[in-house]
Structures are given as structure tokens and as C-alpha cells.
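The values are calculated or read from the model by the stated rules, or taken from the named source; none is laboratory data. Note that this is a predicted model, so its numbers are computed, not measured. Neighbour counts are summed over all protein chains in view; Cβ atoms, including those assigned to glycine, are modelled from backbone coordinates with ideal geometry.
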Ligand code: FAD
Ligand code: DHB
């Protein structure tokens, strides 16, 4: 098969890139090793930055997001039994949308198929060849047969464990990494959200997060030790721990209970691979970088990467200009490092480090109180959380 752009991975990055390229008249093929139902079911992120929502809307793929997503004008930071609101429009002039990654993926798959896009599920890319030439190839298997995509550019949107990053020659990449001494236990529950806005809780027992998927479905997270087996967290223990960590001075119900329909563990990692391009191969999204989820940046960074790539590949196809393609890695990495800093900062601000000292805990409390009392520091949170227009 001969196509201008070969894309590996039908996560949000690969699908949005394929959609944006189509709108510029550049055709692509997306190879995805999982089946469609799996891609549409996988529970992940839930917060869409202002600018990413605008980009989805401008591309004609935001209609259901605008109908069913929720505009959020703030978050609550809860610690010491009290809540402190960070007001996004007042501090940063922007908001976020709460609209699940699974829904974005469903919308983009439906749109690509309606537009006649080539989207192959259960098609696993097995090798990327010729990236130092003008005719790179992706080898793949599909329905028991071997296939090959011949293209001008390959974009690996194949997540952290994909083959894109692994296909670069030895020594071409420098990687930067940080591990955290905790993970998140995430649940989906048939329960009305406790609050209209997301609540980020710091408690001596650990972090907790209240989020939502609909007026009847809550998405909740608890900090747990690395290596935790979800079987050690029966439903009753989860609800009791959420209630303990979320308790407010003055009492009252702090979490609405309901049937738990999904339970999973997410390890926390910061990771960056530089540069994000080698010859004809480009890395985008989780294939190039991972952030701990506390700042809600993973999905948004993936979308920003492919927005840059769509412009760059569009310009190359329209005029042969290479300037934007050449600038891609450096431009994307500026936002990646800003998000790395914010995500790591939010993570250490809100989690309880199991090996932390009382000194560390006092510093954390002082920092949280400073945010609650300072317009300048709250503005820092609001600007980064809602997404910086330019980095
Ligand atoms: P992905 O969504 O990972 O998509 C990559 C795709 O490539 C997958 O569909 C995969 O099957 C496919 N693929 C891989 N290898 C091949 C191959 N060889 N051939 C063909 N296809 C291949 N972010 C947040 O902000 N908040 C969260 O709460 C949050 N929770 C998360 C929970 C989990 C378990 C994970 C893994 C991530 C979470 N993230 C979260 C991060 C966020 O979901 C990711 O940043 C986002 O999915 C990145 O999108 P992507 O398109 O780059 O990669
Ligand atoms: C969600 C996930 C996050 O990592 C976050 O910071 C906020 C919300 C969510 O899944 O809804």
C-alpha cells in the first residue's frame, strides 16, 4: 500500500493526526494492533485543555464534546479538612472541558470512517524500515497476512510500549526519566459526582481525586503503594478510604457511593525521549513522553504534538517546505518540558511520599497554604492546568 503518511496507533494522537491531515488534503493510513471495541473502551484521561477543545471544534470533530462534555471553570484543592477553589476564568481567562478520552477516540474513529479514512484495526506494525531514506516502510500483520505501507513520512503514535521509539538507531535518542514511589487506583462508579468540579485532595494517608464522566458516573482515584494488587482493595475499603481522605471540617457526606464498574492501577512515571524525530520517522504523544497524571496533561500533550505535525506535514505536501518539519522536535519539546514540570510539581505537592519526613510534610502544607492565599501562585496553577496557548 502506498500512502503519503503512515501512522502507527489509533489512540487520540494517531486518530487526530489522521483527521487533521485529511482536512488538509493529505491522506494517511492508521495501523492499530487492538480491535475497535478495545480502543473505545480503555479507561484513561478525562480533562481537555481549552486550546485542545478549540482545536477539536475547529476541525469539525467537537460536536458531541460540546453537547455532552462539561465546561469546568475551576478545581478544588482540599487539604487540612478545607477546600480552596482555583478560579480558571478569573485567573487565566480560560476553562477546561471534562470529556473522556474514550469519547474523543469514539468520535474520531467514527469521523475517520465516515470520511473514508483508512483505519486498520488488529493490524500490528512489526518493523519500520528506511527511515534514513525518502521512502520509509512500515511492515505489519493484518488478518494473518503480512502487509507493507510505503510512505513519505512515518508517525509513531504507538504509545509508551510501541515500536516507534524502539526503531531508532542506537544512540539517536537521549532519554530522561523519573519514577515515583506510588501509583493510582482508579475506579469508575455508577454514582453521581460529589461536586460540580474536580477535587484534588492532599491527606496524610495519601492523594485522592474526584472526577466524573456524566451526571450519573464518577471517576475516582486513590494514591496506593507501587505493586498494589487491586484484589487488596475490595469496594468497601475503597469507599471508606475515599471518605477518610476527603473529609471536611464540619463533617457531611464527602463521597457518593455506587456500583463500581471498572477498577485499575496506573503507575506514575515522568519520561522524555529527545529528539522526537529521526529522518522520516516522527514520534508523537506517549511514544515520546509520559507524565504522571496529576496535572491531567498526557492526553493534551499528545494532541498538541499532532497539531504541530499536521501543520508541518501539510506545509510539506502543499509547497515542499521543510522548516516546520525541521522545527517539530524543538517546538514540541518546549511544551513537553513545561508539562513535565507542572505534572511533577502537582504530583509532589499533593501526594504523600512514603519515605518523606515531617519536614517534607510541613513544606507541602506551607506550599498548599501559599496557593490558597496567593493570587499569583493560584494563577500559576490556573494557567498551566487550563493549558498555555504558547510555550
Ligand atoms: P495511546 O493512547 O497509548 O495510543 C497508542 C496506540 O498505539 C494504542 O491504541 C496501541 O494499541 C497502539 N499500538 C502500540 N503498538 C502498536 C503497534 N506495534 N502496531 C499498531 N498499533 C500499536 N492521562 C491523563 O491526563 N489522566 C489520566 O487519568 C490518565 N490515565 C491513564 C491511565 C493509563 C492506564 C494510561 C496507560 C495512561 C493514562 N493517561 C492519563 C495518559 C493518557 O491517556 C495518554 O497520555 C494518552 O492516551 C496518549 O495518547 P497516545 O495517542 O499518544 O497513545
Ligand atoms: C482525570 C484524570 C486526571 O489525571 C486528572 O488530573 C483529572 C481528571 C479523569 O480521569 O477524569
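Key figures for this structure:
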read-out: Check on residue 52, farther than 28 Å from residue 278 by Cα and in contact with a strand residue (DSSP E or B) (Cβ under 9 Å, 6 or more places away or on another chain); value: no
read-out: Residue tally, condition away from ligand 1 (no atom under 11 Å from the Cβ), at pLDDT 95 or above and out of contact with any strand residue (DSSP E or B) (no Cβ under 7 Å at 6 or more places or on another chain), over the stretch 13-49; value: 8
read-out: Subset of the stretch 48-58 [away from ligand 2 (no atom under 11 Å from the Cβ) and under 13 Å from the mean Cα position of the chain (by Cα)]; value: 49, 52
read-out: Residue that is within 16 Å of ligand 1 (Cβ to nearest atom), surrounded by fewer than 22 Cβ atoms within 10 Å (Cβ to Cβ) and modelled with pLDDT of 95 or more, where the choices are 333, 299; value: 333
read-out: Only one of 10, 61 that is near ligand 1 (Cβ under 8 Å from one of its atoms) and either at pLDDT below 95 or in a loop (DSSP other than H, G, I, E, B) (or both); value: 10
read-out: Whichever residue in the stretch 222-257 is touching a helix residue (DSSP H, G or I) at 6+ places or on another chain (Cβ under 8 Å) and buried (at least 22 other Cβ atoms within 10 Å of the Cβ) and, among such residues, is farthest from residue 100 (Cα to Cα); value: 255
read-out: Qualifying position, being in a loop (DSSP other than H, G, I, E, B) and within 23 Å of residue 205 (Cα to Cα), among 355, 344; value: 355
read-out: Residues (over 16 Å from residue 51 (Cβ atoms), within 16 Å of ligand 2 (Cβ to nearest atom) and in a helix (DSSP H, G or I)) located in the stretch 286-315; value: 286, 293, 294
read-out: Test: residue in the stretch 24-47 that is under 15 Å from the mean Cα position of the chain (by Cα) and assigned to a strand (DSSP E or B); value: yes
read-out: Any chance residue 193 is away from ligand 1 (no atom under 13 Å from the Cβ), in contact (Cβ under 8 Å) with a residue 60 or more places away in the chain, outside any strand (DSSP E or B) and in contact with a strand residue (DSSP E or B) (Cβ under 7 Å, 6 or more places away or on another chain); value: yes
read-out: Test result for residue 269, surrounded by fewer than 19 Cβ atoms within 10 Å (Cβ to Cβ), modelled with pLDDT of 95 or more and under 30 Å from residue 359 (Cα atoms); value: yes
read-out: Cross-chain or 6+ apart pairs with Cβ under 6 Å, the stretch 86-108 first and within 12 Å of ligand 2 (Cβ to nearest atom), then at pLDDT below 95 and assigned to a loop (DSSP other than H, G, I, E, B); value: 98/46; 100/46; 101/44; 101/45
